[in-house]
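Asks: Before I ask anything, here is the structure I am working with.
The values are calculated or read from the model by the stated rules, or taken from the named source; none is laboratory data. None of these values were measured; they are calculated from a predicted model. Heads up, the Cβs are rebuilt from the backbone with ideal geometry, glycines too, and the neighbour counts pull from every protein chain shown. Keep in mind that these areas ignore ligands, DNA and RNA; they rest on the heavy atoms of the full protein, side chains included. Shrake-Rupley method; radii C 1.70, N 1.55, O 1.52, S 1.80 Å.
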Amino acid sequence: MLDKQILQLDDTLLYGQGSHKKCFLHPHNKNLCIKLAYNKGGQKDLLREINYIDVLNRRHKDYSILPQYFGKVNTNLGTGYVFEIIRDYNGNKTQTLEDFITSPTLFAENFDLIVHLLKNLKDELYKNEIITMVLFPENILFQKTDENTYRVRIVNDMGSAVLIPLEYHFKYFAHTKILRRWKMFLDVLRNKYASHLSEKLIEEIK
Ligand SMILES: Nc1ncnc2c1ncn2[C@@H]1O[C@H](COP(=O)(O)OP(=O)(O)O)[C@@H](O)[C@H]1O
Ligand SMILES: [Mg+2]
């Protein structure tokens with residue numbers, strides 16, 4: 001545990017929420033957030049994610065595409081998991097790929113940027129052998145690190161759900177899995193966001 005004392009969290013600190021987890025601003029450190037699961041699936045997710053980050057640390061991998069993980073903390077809402085908070089250089093909430101593709105104007109105006117960042121995402125995952133579940137656009141963040149500079153990050157979906165993940169330890173299995181997951185990500189784009197997306201984007205990033 002980072003801290004023996006119990007941190008007090010409440011809805012005024014709520015920063016983001018998905019279907020399994022809540023993400024709170026750390027009450028004492030503006031660079032951190034605290035994640036808690038609010039259902040069983042969420043706890044399973046979190047444990048998979050932090051276990052995977054441990055594996056990456058032990059293997060001295062570059063996982064800077066993922067938020068850094070700093071350990072557990074006691075909170076009034078239960079055990080929390082402390083992560084680097086991903087936000088823009090000016091403190092704004094970072095926009096997600098979903099934000100970019102569900103707005104026809106944002107999508108059209110930033111088409112080249114989206115292609116660039118998604119190609120970058122695929123390269124980073126492949127080069128650093130970072131394993132993910134199927135990627136969802138809401139979990140892919142386009143972090144502004146400067147007025148005109150973006151960096152792609154992932155907040156969720158990392159790790160593997162199989163019992164003995166060979167892909168954690170062997171490059172061949174890692175690469176095979178990453179390419180398979182990328183194909184599934186393209187299917188998500190095709191199926192879930194078809195009305196907003198030109199086939200052109202998929203053509204460019206496949
Ligand atoms: N490290 C982080 N930095 C900034 N925001 C985050 C971070 N982790 C999660 N979030 C926010 O919290 C939301 C829920 O977290 P996520 O891990 O995606 O949970 P879920 O499994 O419920 O989708 C995200 O959509 C995002 O808005
Ligand atoms: Mg999520």
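Asks: Stokes-Einstein D for region 95-205 at 20 °C, 1.002 mPa s, Kirkwood Rh over Cα pairs, in µm²/s?
Replies: Taking Rh from Cα pairs, D becomes 147 µm²/s.
Asks: Right, here's the next one. Summarise the accessible area of the chain (1.4 Å probe, protein heavy atoms) by the percent that is carbon and sulfur.
Replies: About 52 percent, which is the carbon plus sulfur part of the accessible surface.
Asks: Using only C-alpha positions, report the orientation-averaged shadow area of the convex hull of region 58-154, nm², one decimal.
Replies: With every direction weighted equally, the projected area is 8.0 nm².
Asks: Calculate how large, on average over all directions, the projected area of the Cα convex hull of the chain is; give the answer in nm² to one decimal.
Replies: 12.0 nm²
Asks: Would you be so kind as to identify which of C23, Y69, I53 lies farthest towards the positive end of the dipole of region 6-84, taking Lys and Arg as +1 and Asp and Glu as -1 on Cβ and the Cα centre as origin?
Replies: I53
Asks: Long-range amide H contacts for K21: which residues qualify at under 5 Å (H placed 1.01 Å from N, peptide plane, sequence gap of 5 or more or a different chain)?
Replies: Y38
Asks: Residues of the chain: accessible area per residue at 1.4 Å, in Å²?
Replies: Per-residue accessible area for the chain comes out at 53 Å².
Asks: Next question, about the same structure. Under 17 Å from the Cα of K127, which aspartates and glutamates turn up, not counting those fewer than eight places away in the same chain?
Replies: Once the sequence-local aspartates and glutamates are set aside, what remains near K127 is D62, E167.
Asks: R58 to T176: FRET efficiency via 1/(1 + (r/R0)^6), r the Cβ-Cβ distance, R0 22 Å, to the nearest 0.05?
Replies: Computed FRET efficiency for R58 and T176 comes out at 0.50.
Asks: Under 22 Å between alpha carbons, and skipping anything fewer than 8 positions from K40 in its own chain: which lysines qualify?
Replies: Reachable lysines: K21, K22, K72.
Asks: May I pose another question? Net charge near F170: determine it from the other residues with C-beta under 13 Å of the C-beta of F170, scoring Lys and Arg +1 and Asp and Glu -1.
Replies: +1
Asks: Less than 15 Å Cβ to Cβ from D88, Lys/Arg counted +1 and Asp/Glu -1: what total charge do the surrounding residues give?
Replies: Surrounding charge for D88 is +2.
Asks: Would you calculate the volume per residue, in Å³, of the smallest convex hull containing every Cα atom of region 6-84?
Replies: Output value, Cα hull per residue: 91 Å³.
Asks: In the structure displayed, which of K119/K200; K61/K183; K61/K177; K119/K177 lie more than 22 Å apart, Cα to Cα?
Replies: Over 22 Å Cα-Cα: K61/K183.
Asks: Using a Gaussian network model of the chain with C-alpha springs under 10 Å, which one of H20, H60, H116 is most mobile by mean-square fluctuation?
Replies: Residue with maximal mean-square fluctuation among H20, H60, H116: H60.
Asks: Then there is this: Just to confirm the number: angle between the C-alpha axis of helix 171-192 and the first principal axis of the chain, 0 to 90 degrees, nearest 10?
Replies: Approximately 70 degrees, to the nearest 10.
Asks: Given a 10 angstrom Cα cut-off, can you work out which residue in L163, L141, L125 is the most mobile in a GNM of the chain?
Replies: L163
Asks: Between N74 and V188, how high is the FRET efficiency from 1/(1 + (r/R0)^6) when r is the Cβ-Cβ distance and R₀ = 30 Å? Nearest 0.05.
Replies: Calculated value: 0.25.
Asks: Also, quick follow-up: Testing the spin-label approximation: label points 7 Å from Cα along Cα→Cβ at S103 and K30. State their distance in nm.
Replies: Here the answer is 2.4 nm between the modelled labels.
Asks: How many angstrom separate the Cα center of region 163-193 from the Cα center of region 82-129?
Replies: Result: 19 Å between the Cα centres.
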